[in-house]
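To keep things clear, I will list the structure first and then write my remarks on it.
What follows draws every value from the coordinates through simple rules; no lab data is involved. None of the values given here were measured: they were computed from a predicted structure. Neighbour counts run over all protein chains shown; Cβ positions are idealised from the backbone, glycine included.
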Amino acid sequence: MARIAFAVPAAREDALVDEAFDHGHEVVARCGSADELASLLEPAAVEFAIVSSAERYLTARLLAEADRLGVRVVAINDTDAGRRHAITLGLHEVVDGDADWARIDAALLATPLRSSAPTAPSGRGRVVAVWGPAGSPGRTSLAINIAAELASAGHTVALADVDTYSGSIAPTLGLLDEAPGFAAACRLAGSGALTQLELERIAQRYSSPHGSFWVLTGIGRPSRWPELSASRVSGALDACRDWVDYTVVDTGFNLENDEEISSDVFAPRRNAATLEALRCADQVVAVGSADPVGLSRFLRAHVDLLDAILTDRVLVVMNRLRAAVIGAAPARQVTQSLERFGGIVAPVMVPHDQAAFDAAVLEGATLYDVAARSPARVAISTLVQERILPSASKRRSQRRRVPLLRRRQAAAAQPAGARPD
Ligand SMILES: Nc1ncnc2c1ncn2[C@@H]1O[C@H](COP(=O)(O)OP(=O)(O)O)[C@@H](O)[C@H]1O
Ligand SMILES: [Mg+2]
């Protein structure tokens, strides 16, 4: 049993209070604003606070007071604006408005105290494209789980399926795919009508206590690929940059520039969507399968990738790493082959982890949600923390742990040119 306080709109309060009682908790305060709740946390010995993410109920002062007293806070959110507000304040424990009590409980227990605010990507949102050669190296798996890890770090995220050959995000996550969200976004972008409101209408939501994200599903019937022309794809991704912090794009495998092999310059191009997404992306995660066949496919296709985009934006990931297919010390062997035959340095390894991926597909969920401790999830989480999220956010959060006074003293002791930025 826990001592819970609420600061939510009156219309929701009774139902939530009933749920809390039904689950054996004691409701010690029902507040109409963040200020009221902040002043009651200590006298009412509150252990958990459940607030709406609207500004009236969630303020920096409330969070500071909650941090001081060790009170865990979870925000209930109905809009992306609310999520942004919570995240801006550094509160990552945000559940969707329709979440049941089990979700709220999970969020309350997941993280003891709010973590430091992530640094929003500078200015507009970033686009991360996930690409890989033919042979199912794990593009979709990587895209889904990179999106999940970015969302769990407190960012707003959209996952877009741009694969014109075998779009499969919807079936992998157990979402409806009769109305392809990304094709709808492209059509609206083509007519200049793709607003944030429209994006939220056509996207589906993957809900998770660790961090929910939007999904723009792909075309289930490959015959619809002409809807994804280059200019529409770049228009849609451009709108996504104003909508969310990160747009993760699952692309097709084919990099052939069909423009060059077709005589009809106005004919639509099947590979245009992949090529355009790669050109628009700030970062490209290039995924290969870490076995002899996969490596050789990857090395050949990697050359074409570098023809299409700049090298410094590419992060190479070798997926399904296992000794059984490549021999002892597989990471070393794969790393050496990539460097020797492709000049590729510092690749990221994701282990073969059948049980975890099978469980994820069975549940239609992310690795974080079904197998948080699995080696593949740990590898993808590290990849996101170390290679995708801005290093500034890491530096800043590390710095925050040092008391302000000590930081000031340290800065004063250094010559001006050597001071950290
Ligand atoms: N690291 C891994 N370990 C085990 N199975 C994996 C791993 N990565 C992907 N898979 C599985 O491989 C299959 C193909 O992955 P998918 O992501 O759909 O490939 P692609 O999008 O490249 O075609 C899926 O069944 C997926 O669950
Ligand atoms: Mg795929």
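Taking the DSSP beta bridges with both ends in the chain, the antiparallel portion is around 5 percent. Between R126 and Y246, T247, the built amide H atoms are under 5 Å apart, and every one of these is 5 or more places off in sequence or on another chain. Here the simple spin-label model places points 7 Å from the Cα toward Cβ, and for A10 and E386 these points are separated by 5.4 nm. Between V73 and A49, R114, the built amide H atoms are under 5 Å apart, and every one of these is 5 or more places off in sequence or on another chain.
From most to least packed by mean Cβ count within 10 Å, the peptides 213-222, 240-249, 173-182, 305-314 give 240-249, 213-222, 173-182, 305-314. Remark: the chain carries a charge dipole of roughly 1840 debye about the Cα centre, counting +1 on each Lys and Arg Cβ and -1 on each Asp and Glu Cβ.
For the peptides 69-76, 193-200, 28-35, the ranking by packing is 69-76, 28-35, 193-200, with the highest mean count of neighbouring Cβ atoms within 10 Å listed first. Computing FRET efficiency as 1/(1 + (r/R0)^6) for D22 and D78, where r is the C-beta to C-beta distance and R0 is 30 Å, gives about 0.85. Derived scalar couplings between HN and Hα for the range 282-291 equal 7, 9, 10, 8, 9, 9, x, 8, 7, 9 Hz in order, rounded to whole Hz, by the Karplus curve 6.51 cos²θ - 1.76 cosθ + 1.60 (θ = phi - 60°), x for Gly and Pro.
Between L69 and R124, what FRET efficiency comes out of the Förster formula 1/(1 + (r/R0)^6) with R0 = 56 Å and r the beta carbon distance, rounded to 0.05?
After rounding to 0.05, the efficiency reads 0.90.
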